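First comes the structure, then the notes that go with it.
Coordinate-derived values only; no laboratory data. What you see is a predicted model, and the numbers here were worked out from it, not measured in a lab. All Cβ positions, even for glycine, are placed from backbone atoms using ideal geometry, and neighbour counts span all protein chains on display.
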Amino acid sequence: LRQQSQDTEKINVLSGLAASFAHEIRNPMTVARGFMQILKQPGISEEKRQIYTSMVVEEIDKAQTIVNDYLTFAKPQLEAIELLDAKPLILEALHSIEPYAKLCHVDVEAKLDDKLYISANRDKFAQCMMHLCKNGIEAMPNGGKLQVIGTVQNHSVCIDIIDHGVGMTPEEIRRLGTPFYSTRDKGTGLGMMVTYRVIQMIQGKIDVTSEVGKGTCFSLLIPSLHIKSYH
Ligand code: ADP
């Protein structure tokens, strides 16, 4: 009976969430539709055509991100889990975010031990790292330094993402991971929801320490694997 009521509760949560996702997907669709209608008008200048076309693409991408994030949240078991060394993956994520960091005048500093072996989905883990680093960068509107530190501690891989930005109040920390909670103009408020879910799926946990005006440290603690046959 207990299992049954847990299942019902899960279905209720997921269908409630599906409704809010449907609603959020409608926004970019409506905006894209509006731009398409402008584009349909005869005699529209080449310059305007360029601008509106890229805005349509941007809105469609936004809708796609929302759908992907929903699927990661609702069906995480569909993703293949493999043995990974987190170090090269983190470095790759930092490499992709480097141009954005530069644009925001943020220096990214990585200090990573070798052999950060974990069991995770490659793409999803990389996505979490991107979300956390992007959040750290965006927390420093005047630039600064973002540190990523990876160590092996006892039987866990510990990854700290540290920014020296705006920080959060305890109430804001509590709201992290709530779908669509965002304080940013261009935010979807799904990054942390997905990050918590992916890390939870690999039996990891996330600790947040933050002080308003000082900065934030996200600490991921993920069970480490000591597998001799790892290649
Ligand atoms: P988004 O980035 O789209 O807003 P997230 O789920 O990634 O969505 O983050 C939700 C909110 O949590 C952000 O809008 C911001 O207010 C807060 N937040 C997340 N990371 C940080 C951070 N490193 N420093 C300060 N605030 C943060």
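Rounded to the nearest 10 degrees, the inclination of helix 2-40 to the longest alpha-carbon principal axis of the chain is 40 degrees. For segment 1-134, a/c is not less than 1.5, where a ≥ b ≥ c are the root eigenvalues of the C-alpha gyration tensor, and a/b does not top b/c. That puts it in the oblate class. Using the Cβ-Cβ distance between E46 and Y181 with R0 set to 35 Å, the FRET efficiency works out to roughly 0.30.
Using Cβ point charges alone (K and R +1, D and E -1), the dipole size of segment 78-231 about the Cα centre works out to roughly 180 debye.
With 20 Å as the limit on Cα-Cα distance, the pairs of K111/K145; K134/K214; K102/K134; K62/K87 that go past it are K62/K87.
Using the Cβ of L146 as centre and a radius below 9 Å, the other residues enclosed give a net charge of -2, where K and R count +1 and D and E count -1. Averaging Cα coordinates gives a centre for segment 19-85 and one for segment 154-231; these two points are 25 Å apart. Within segment 58-74, what residues put their amide N at less than 18 Å from the label point 7 Å along the Cα-to-Cβ vector of R33? In segment 58-74, the label zone of R33 (backbone N under 18 Å from the point 7 Å along Cα→Cβ) covers 58-64, 67.
Summarising the overall dimensions of the chain from its C-alpha atoms, the Rg and Dmax are 20.0, 67 angstrom.
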